[in-house]
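Colleague: Pasting in a structure now, in structure tokens, and then I'll have a few things to ask.
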Amino acid sequence: MSATLSLPPFRPAWHYWRGLLQPGWSPYGNTARLLRRTPAAVDSETLWLKPFRRLRDWQPGQHLTLGFELDGRRFQRSFTLVSLPGERELAITVRRVAGGRFAEWLARARDGERLAISEPWGGLRFALPQASQRLLMAAGSGITAAMAQIRAAAARGQLAGLALAYWVRERAEACFLEELQALQARFPDFRFRLFLTGDAPQSAHEAAGRLEAGLLPALPASPEGAEVLACGPAGFVARVEALLRGAAARIATESFTPPLLRLPEAPEANVTLHLRRSGRTLSIPAGTPLLAALEAAGLTPPHGCRQGLCGRCACAKAEGVHLDLRDDSLHPEASTALKLCISAARSDLVIDL
């Protein structure tokens, strides 16, 4: 009588040794090494990254999701690429948010640290011919999406007909000021104006005031018939759409403000969450966002913005009722794109994880 000896697969050991021989290699996806950090504003900095593997072709203004570890837990955050396709190094400009997980990681990080990175995704681009009037409107961190477009246009020598209106509270919070002023001097047809809501204007390219109807004449270019790309907090983007709808030829927007999630005021009863692919069954609070509940159970499902925008956490739902935490709407139907970050269980659920 003979017996067959079952050995564990050799692949995990191979992964270990290859990781030692090729720092940065990972069987789970691409990684990037932090090369250096440069100041961008009083509360922002630009991170320069070198990817282990070359990224696929991408377009200016697309996003990159970074994965990092903090106190033994894995997190993901998404940022707009401000470098251009074809450059050897990747660049993102990030704002240090007090209490933020990524800000905490940055405070500890040193040059040479590695992060997991996604392929570029999403992003907004101008759709009309390059000769058209194009107006970029950015507030706060929304300047990164605008800057990606401006740098791409400058690289082509096509800044004519392009204008930027940029809102910050204080001048010290504005990113890329020296570069924007240099581009304005180099390309006289490029128009730029910085709007300050907390400081007094001190130069010709500055103005004061929040975005409202009375401020439209102060924009660096008329929105009439223009293609407008607006990026910033949800309230700012909503004002752009309300003020310029009907005047602009097209308005494309991108908002980075998390949606208002209507969380329950008191703990709710637990429900059963069955993960069909892994075969696991969890007991989770009915009113908790599914992504948070999964992370509390020690799982790390893919995710990005945590705002219901990027779709990286979307998965299929086979059975059960879920609640959209943005508007309290109930969804008993099966779904192929349940967004874990903005959904909660309202009954036992079966999802494809």
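Colleague: Out of the residues in the range 66-85 that are farther than 16 Å from Leu34 by Cβ and at pLDDT 90 or above, state the one that is most open to solvent (accessible area, probe 1.4 Å).
Modeller: Here the residue is Pro85.
Colleague: Still on this structure, please answer the following. From the list Arg186, Arg171, which one is of a type in the set (Lys, Arg), modelled with pLDDT of 95 or more and farther than 21 Å from Gly61 by Cβ?
Modeller: Exactly one of Arg186, Arg171 is of a type in the set (Lys, Arg), modelled with pLDDT of 95 or more and farther than 21 Å from Gly61 by Cβ, namely Arg171.
Per-residue answers, yes or no, for (1) under 19 Å from His303 (Cβ atoms); (2) touching a helix residue (DSSP H, G or I) at 6+ places or on another chain (Cβ under 7 Å):
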| position | (1), (2) |
| --- | --- |
| Asp57 | no, no |
| Leu84 | no, yes |
| Ser118 | yes, no |
| Gly123 | yes, no |
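Colleague: For the range 311-352, name all the residues that are surrounded by fewer than 20 Cβ atoms within 10 Å (Cβ to Cβ) and either among the basic types (Lys, Arg) or in a loop (DSSP other than H, G, I, E, B) (or both).
Modeller: Gly311, Val321, Arg326, Asp327, Asp328, Pro332, Glu333, Ala334, Arg346, Ser347, Asp348, Asp352
Colleague: Here's another thing I want to ask about it. Does Ala154 count as under 23 Å from Lys50 (Cα atoms), in a helix (DSSP H, G or I), among the small types (Gly, Ala, Ser) and without any contact (Cβ under 8 Å) to a residue 60 or more places away in the chain?
Modeller: No, not satisfied.
Colleague: How many residues does the range 301-348 hold that are touching a helix residue (DSSP H, G or I) at 6+ places or on another chain (Cβ under 8 Å) and of a type outside the set (Gly, Ala, Ser)?
Modeller: Final tally of qualifying residues: 14.
Colleague: Among (1) assigned to a loop (DSSP other than H, G, I, E, B); (2) open to solvent by 20 Å² or more (accessible area, probe 1.4 Å); (3) touching a Phe, Trp or Tyr at 6+ places or on another chain (Cβ under 8 Å); (4) of a type outside the set (D, E, K, R), there is one condition Leu211 misses while meeting the rest; what is its number?
Modeller: Failing condition for Leu211: (2).
Colleague: Quick test of your reading of the structure: Gly232 fulfils all but one of (1) surrounded by fewer than 22 Cβ atoms within 10 Å (Cβ to Cβ); (2) at positive phi. Name the failing condition by number.
Modeller: It is condition (1) that Gly232 fails.
Colleague: Among the residues of the range 49-65, what is the count of those that are farther than 18 Å from Ala107 by Cβ and either among the basic types (Lys, Arg) or open to solvent by less than 10 Å² (accessible area, probe 1.4 Å) (or both)?
Modeller: So the count comes out to 7.
Colleague: Return the pairs, sorted by first residue and then second, in which the second residue is of a type in the set (Val, Ile, Thr) and part of a loop (DSSP other than H, G, I, E, B), the first residue lies in the range 51-72 and is over 15 Å from Asn30 (Cβ atoms) and without any contact (Cβ under 8 Å) to a residue 40 or more places away in the chain, the beta carbons are less than 9 Å apart, and the residues are 6+ apart or on different chains.
Modeller: As it stands, the answer is none, since no pair meets every condition given.
Colleague: Separate question: Quick test for you: out of Ser141, Ser203, pick the one residue that is more than 27 Å from Gln59 (Cβ to Cβ) and either open to solvent by 30 Å² or more (accessible area, probe 1.4 Å) or assigned to a helix (DSSP H, G or I) (or both).
Modeller: Ser203 is the lone residue from the list that is more than 27 Å from Gln59 (Cβ to Cβ) and either open to solvent by 30 Å² or more (accessible area, probe 1.4 Å) or assigned to a helix (DSSP H, G or I) (or both).
Colleague: Let me ask you something else. Please determine whether any residue of the range 182-193 is in a strand (DSSP E or B), under 19 Å from Ala145 (Cβ atoms) and in contact with a Ser or Thr (Cβ under 7 Å, 6 or more places away or on another chain).
Modeller: no
Colleague: So in the range 86-101, with the set limited to residues that are at pLDDT 85 or above and outside any strand (DSSP E or B), which one is most open to solvent (accessible area, probe 1.4 Å)?
Modeller: Result: Arg88.
Colleague: Name the pairs: first residue in the range 282-308 and assigned to a loop (DSSP other than H, G, I, E, B), second residue of a type in the set (S, T, N, Q), Cβ to Cβ under 7 Å, at least 6 apart or on different chains?
Modeller: Listed pairs, sorted by first residue: Ala286/Asn270; His303/Gln76; Gly304/Thr65; Gly304/Gln76; Gly304/Ser78; Cys305/Ser78.
Colleague: I would also like to ask the following. Could you please tell me which pairs satisfy a Cβ distance under 7 Å, a separation of 6+ or placement on different chains, a first residue in the range 328-353 that is on the phi > 0 side of the Ramachandran plot, and a second residue that is surrounded by fewer than 17 Cβ atoms within 10 Å (Cβ to Cβ) and not hydroxyl-bearing (Ser, Thr, Tyr)?
Modeller: Matching pairs, first to second residue: Asp328/Arg262.
The values are calculated or read from the model by the stated rules, or taken from the named source; none is laboratory data. None of the values given here were measured: they were computed from a predicted structure. Don't worry about glycine lacking a Cβ; one is built from the backbone with ideal geometry, like all the others, and counts go over all protein chains shown. For accessibility, only protein heavy atoms count, side chains too; no ligands or nucleic acids. Shrake-Rupley method; radii C 1.70, N 1.55, O 1.52, S 1.80 Å.
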